[in-house]
Amino acid sequence: MFDGRKIESAVREVYSFLYPDKKERKKALARLDMETLVQSIRYRSETLLPITQPAPLTCP
């Protein structure tokens, strides 16, 4: 569904807003295990969440 490169690019873009200073951003990104992060995002995006249907209204 999602390409790993696109996910990594999106994470880097978010971190550019969170850490405007390039040195801080580089340190923050170094703390991430990018491969595991990308795999977990891909796994969650492929897993469908159960959709619950509201109970039908019954008229007596």
Among the aspartates and glutamates, select those whose C-alpha is under 20 Å from the C-alpha of LYS27, and discard any that sit fewer than 8 residues away in the same chain. GLU8, GLU13, GLU35
Any idea how far apart ALA30 and LYS6 come out in nm if each label point goes 7 Å out from Cα toward Cβ? 3.1
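FYI, it's all coordinate maths here, none of it is from the lab. Just so you know, these numbers come straight off a predicted model, no measurement behind them. Because the Cβ atoms are built from the backbone with ideal geometry, glycine has one as well, and the counts that use them run over all protein chains shown.
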